[in-house]
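Here is the structure we will look at.
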Amino acid sequence: MADEVRKTALFILNTLDAERKTLDSVFEDILCKKNYLSKKDRALLQALVYGVLRWRLRLDWIIEYFSNTRLSRVDSKVLNILRLGLFQIIYLSRIPVSAAVNTSVEMAKSAAAPWVVGYVNGLLRNAAREYQYVPFPNIEKDPVSSLSARKSFPEWLIKRWLDRFGLKETGLLCDAINNIPPITVRANRLKASREKLVKSLEEYAEKIKITDYAPDGVSFFNPKISIPEIKAFEDGLFQVQDEAAQLVTLLLNPQPDETVLDACAGLGGKTGHIAQIMENRGRLFAMDKDEKKLKQLESEMHRLGISIVSTCIHDLNNPLNLKRFEKFDRILLDAPCSGLGVLRRNPDTKWITSKQNLAYYHKRQALFLDNLAHLVKPSGVLVYAVCSTEPEENESVVKGFLNKHAEFAVENSTKGLPNKACSLVNNDGYLMTFPHLNNMDGFFAACLKRIK
């Protein structure tokens, strides 16, 4: 079955190269089709795919060192076979080198000419003997190339981080992103306390701990069964949600009996949290352009025991009809973004995002804010949030909005945040989190209050 898992991993990597799909969506499709895979096989599949994507550029550097052919001339399917084989050799100590090489050769036989099979065999055997001696660029002479190759990040991203954070902090940020993160969940206090949730998870997971900043968060590793199969999940005691995302909802600080809009609700992670803080009292509208996601959101709210949510379909690229939408006490805009703050969970984003994407997202984020501004009641708040650490999507968007909308100002308030989390709000009133500093995803959020 291990050979089948490796072939499936190769299929996923090839699919990501060929189609504009996210890793999550490809994985979901595959696991539905291959529901016979055991927990052990699923774990290996995830380790292979995520590992190759996480370390792809470092693997490519080593492959190129041993290759007689420039990588630009190597077929992408063959390159993925080499990446899979080399990743197992370097990072998966429980897999014998012979197994990693032999299965790679077998996969090459079904994908390439005989001479290519020999190329794969020879390269991987040479790399297995000597990969630890491969020289990388000198970090003092060329820190961009060196960190890019060593830490496996695109050079354009390394350069901008070096300019902002310096050499030491950039290295720490890269290391934090490359570490496998825990699964983080949020206790649904409508049904259970965090303490009760921890007890219910003890038989299913390892290294359970409560989160440092978010009052309802719990993290853990290596669940014995899939999350949907855990009884506490079936009973609606928790939602999967990173600690940083939980802090965004706390910054929104929704109150019972208010009228609130979750403007880009998606599958409802923050919707559920908003309803929980509102004590399931008031009116909460979940808006998204994707009807399928909203159907899943409705099912999720039912699982959580939430009854105050109404869904509505709308694409925020277009203005909202004032006659259709009322005004809100609070609006959360968790805007579409580059996702560069969640690379540790989505390593495929490293290789599909470019500097040019940041300008595209900035423009769309500004448009979404403009389209929501008129729906905020006097003295109401609009919280803008993105899972990105990049200034174009953070401060720049907020400053542009405030220049255009004098009726709003940043509310430098931490009313909804627990005391420890207040330290994550800077002097400008921006909530900012980083993987290497806070052991959570990279998020940005600003609370914009209507003052006129």
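None of the figures in this text is laboratory data; all of them are computed from the coordinates on show. As the structure is a prediction and not an experimental result, all values here were calculated from the model. Here Cβ is always computed from backbone atoms with ideal geometry, including for glycine, and neighbour counts include all displayed protein chains.
Here are the numbers for this structure:
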| item | result |
| --- | --- |
| Computed [θ] at 222 nm, deg cm²/dmol, the chain (DSSP H ≥ 4; -39,500 (n - 2.57); rounded to nearest 500) | -14500 deg cm²/dmol |
| Extension reserve of the Glu291-Lys327 stretch, reckoned as 0.36 nm per residue once the Cα distance is removed | 10.7 nm |
| Under the Karplus curve 6.51 cos²θ - 1.76 cosθ + 1.60, θ = phi - 60°, whole-Hz ³J(HN,Hα) for segment 445-452, x wherever Gly or Pro sits | 8, 9, 9, 9, 9, 7, 9, 10 |
| Overall form of segment 243-450 per C-alpha gyration tensor (a/c, 1.5; a/b vs b/c) | rounded |
| Share antiparallel - DSSP beta bridges, the chain, percent rounded to 5 | 55 percent |
| Interchain or long-range residues, amide H under 5 Å from Phe285's placed H | Val260, Leu261, Asp262, Ser310 |
| FRET efficiency, Glu298 to Val97 (Cβ-Cβ, R0 51 Å, nearest 0.05) | 0.55 |
| Cα shape, segment 184-332, gyration tensor, a/c 1.5 rule | prolate |
| Cα-based helix-to-principal-axis angle, 56-66 vs the chain, degrees rounded to 10 | 20 degrees |
| On Cα atoms only, tilt of 97-109 relative to the major axis of the chain in degrees | 90 degrees |
| Shape call, segment 183-240: gyration tensor on alpha carbons, a/c limit 1.5 | oblate |
| Nearest 10 degrees, 0 to 90: helix 39-54 Cα axis against the chain principal axis | 90 degrees |
| Amide H partners (placed H, <5 Å) of Thr211, local residues excluded | Gly217, Val218, Ser219 |
| For segment 418-424, Karplus couplings with θ = phi - 60° (6.51, -1.76, 1.60), whole Hz, Gly/Pro x | x, 3, 5, 6, 4, 5, 8 |
| Antiparallel %, DSSP beta bridges [both residues in segment 243-450], to 5 | 45 percent |
| Part-to-part distance (alpha-carbon centres) for segment 159-208 and segment 269-305, which is given in Å | 24 Å |
| Over segment 183-240, relative contact order from alpha-carbon pairs under 8 Å, at least 6 apart, % | 45 percent |
